[in-house]
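All of the numbers you see were taken from the coordinates with simple rules; none came from a lab. Because the structure is predicted, anything quoted here is derived from the model rather than measured. Every residue, glycine among them, receives a Cβ derived from its backbone with ideal geometry; neighbour counts consider all protein chains shown.
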Amino acid sequence: MRRGGALIWTMVALIAMGVAVSGATTTFLELSRLQRRTRERLVALECGQRELERARAGAAGPGSHVIDVLPSGRAAVSISPDRNPALRQVSVAVTWGDADGERRMQWTTLVKR
């Protein structure tokens, strides 16, 4: 009975270590995925802000173009007149694809003509 006890305790310790390592690995993979998604959202936010600034400056017209810094990224700008003739409504939508599907962020503001 004494001789087999050490083997059993060794197996219990290995199983406990395996559970701990698999939990840590799962947590690390999830954090990596969240970091990638956060980075993509930040890039989309910067692209949308840049497009709104271009529209405010009058340099951007309506249309759609590819954003190279995002996977399958596109920015679409639409400009429509407002009820107030001194204003126009500018909408910017940034879409991109990732492993979880298509993502989209959209902003709308009023800009002086």
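The shape of segment 5-113 can be summarised by an equivalent ellipsoid whose semi-axes, obtained from the alpha carbon gyration tensor, come to 51, 11, 9 Å from longest to shortest.
Between the listed residues Gly5, Val92, Trp107, the Cα displaced farthest toward the positive end of the dipole of segment 2-112, a dipole computed from Cβ unit charges relative to the Cα centre, is found at Gly5.
Dipole magnitude for the chain: computed about the Cα centre from +1 point charges on Lys and Arg Cβ and -1 point charges on Asp and Glu Cβ, it is near 180 debye.
Can you show me the helix-derived [θ] at 222 nm for the chain, built from DSSP H runs with n ≥ 4 at -39,500 (n - 2.57) apiece and divided by the number of residues, rounded to the nearest 500. Show your work: numbers first, answer last.
Values: 1 runs with 55 residues, N = 113.
Result for the chain: -18500 deg cm²/dmol, rounded to the nearest 500.
Length gained on full extension, Arg88 to Glu46, computed as 0.36 nm times the residue gap minus the Cα-Cα distance: 12.9 nm. Treating each Cα of segment 1-51 as an identical point scatterer and summing with the Debye formula, the log10 of I(q)/I(0) at q = 0.26 Å⁻¹ comes to -0.90. Couplings for segment 8-23, taken from phi via the Karplus curve 6.51 cos²θ - 1.76 cosθ + 1.60 with θ = phi - 60°, read 5, 5, 5, 5, 4, 5, 5, 5, 4, 5, x, 5, 5, 5, 5, x Hz in order; Gly and Pro are left as x.
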